Structures are given as structure tokens and as C-alpha cells.
Amino acid sequence: MEDQRPFWERKTLEQMTRAEWESLCDGCGRCCLRKFEYEDTAEVVESRIACRLFDIATCRCSNYSNRLAHVSDCIVLSPEKVVTMDFLPASCAYRRLANDQGLAWWHPLVSGDAQTVHTAGISVQGRGVISEDDVSAWELEELDDRYLLVWSKRGQ
């Protein structure tokens with residue numbers, strides 16, 4: 001008898017096809033935000049500053065297939081990297097599956113609706129995200145609280 005469970009419940013991250021792997025992205029946009037580390041505490045915080053290729057309206061990369069040619073520090077996720085990347089939010093499907101937590105109810109693969117990630121407050125949609133192209137180099141260096149993104153417990 002064939003296992004009828006969804007692929008994310010019966011396969012490891014390493015076993016997934018490229019299409020299955022890509023479908024795990026919930027469209028929250030949080031991995032496309034600039035992160036900053038406080039030197040004194042090593043705490044990593046998300047800013048409201050998004051990659052220049054990030055489409056704020058859709059919470060997706062505007063040039064995903066060619067992003068590496070335009071953004072040299074774009075990180076390509078892999079099953080090996082997911083377990084070591086502490087900057088991924090706890091809500092990230094890749095991180096959740098790597099930690100045997102399963103997908104959350106609001107994940108589009110579970111809910112069947114790409115909007116639930118936004119209505120559940122998980123995505124960056126409506127949080128005042130701005131493009132890095134709209135921030136000067138000096139502002140990036142002297143980052144202050146107006147550029148930091150604060151999450152409630154619900155959105156983590």
C-alpha cells in the first residue's frame with residue numbers, strides 16, 4: 001500500500017525533488033530581510049530593509065532564477081545549510097521540518113491558500129518593509145531602531 005501522507009511528512013529534506021523543496025517556501029519574505037548582529041551580544045535581529053530584488057507586494061523575489069547574478073550575498077538554502085542557519089525564523093518551513101516540527105496550519109501546503117501566511121501575521125507584508133535601494137550606505141552602517149523589525153510571539 002502506497003503511503004498517502006504529503007511529501008513533507010514522508011520524505012526528508014534531502015530526499016525531496018527540486019519542485020518539492022521550492023514549494024516549502026511559504027512566501028513570508030523574512031529570509032530576504034537584512035539581518036544585523038549586535039557585536040556585544042551576538043544577537044541577530046531582522047531589519048525592515050529588504051534585498052533590492054524583493055517584491056514587497058508579493059513577498060517574493062522579483063528575479064528568483066537569476067538572483068545570484070544580481071545579489072552576490074544571496075544565500076541558497078540547502079538541507080545541509082538549514083540546520084546551521086540561526087537567522088531563519090522559527091516559523092520557516094525548512095527549519096521546522098529539519099527540527100521534526102512539521103508544517104504550521106497557515107503554511108500554504110497545509111491550508112491550500114497562499115494568503116494564510118499573511119493573514120496569520122507570519123509574513124513581512126504590511127510591516128513597513130523598504131528596499132535596500134532606498135537606504136543610504138550611511139544609514140545601513142548607523143542602523144537605528146526605526147529600521148528594526150519587531151515581532152510579536154505570534155509572528156515568530
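A few comments on the model shown:
- Short to long, the 10 Å bins of the Cα pair-distance histogram for region 63-102 hold 28, 42, 27, 2 percent of all pairs.
- Two numbers describe the Cα atoms of the chain: Rg and Dmax, which are 16.3, 61 Å.
- Reducing region 1-55 and region 65-134 to their Cα centroids gives an inter-centroid distance of 3 Å.
- Alpha carbon Rg of region 85-131, scaled by the compact-globule rule 2.2 N^0.38 Å: 1.23
- Shape analysis of region 18-106 based on the Cα gyration tensor places the equivalent ellipsoid semi-axes at 20, 19, 13 Å, largest first.
- Order of SER78, SER91, SER111 - criterion: other Cβ atoms within 10 Å of each residue's Cβ, fewest first: SER78, SER111, SER91
- Sequence-ordered 3J(HN,Hα) estimates for region 69-76 from the Karplus curve with 6.51, -1.76 and 1.60 and θ = phi - 60° stand at 6, 10, 10, 5, 9, 5, 9, 8 Hz, glycine and proline given as x.
- Among beta bridges from DSSP that stay inside the chain, the antiparallel ones total about 80%.
- Per residue of the chain, the DSSP helices (runs of n ≥ 4 H) give a summed -39500 (n - 2.57) that works out to -4000 deg cm²/dmol at 222 nm.
- Here the residues TYR38, TYR64, ranked from fewest to most Cβ neighbours within 10 Å of their Cβ, fall in the order TYR38, TYR64.
- Amide H contacts of ILE49 (H built 1.01 Å from N, under 5 Å, at least 5 apart or other chain): ARG34, ILE130
- Taking GLU39, GLU14, GLU132 in turn, the Gaussian network model of the chain (Cα-Cα springs below 10 Å) assigns the largest fluctuation to GLU39.
- GNM on the chain, alpha-carbon springs under 10 angstrom: the most fluctuating residue among ALA104, ALA93, ALA42 is ALA42.
- Residue of CYS61, CYS31, CYS74 that the Gaussian network model of the chain assigns the largest fluctuation, springs spanning Cα pairs under 10 Å: CYS74
Each reported figure results from applying straightforward, stated rules to the coordinates on display, with no laboratory input. All of these numbers come straight from a predicted model, not from anything done at the bench. Reconstructed Cβ throughout: ideal geometry from the backbone, glycine too, with neighbour counts over all protein chains shown.
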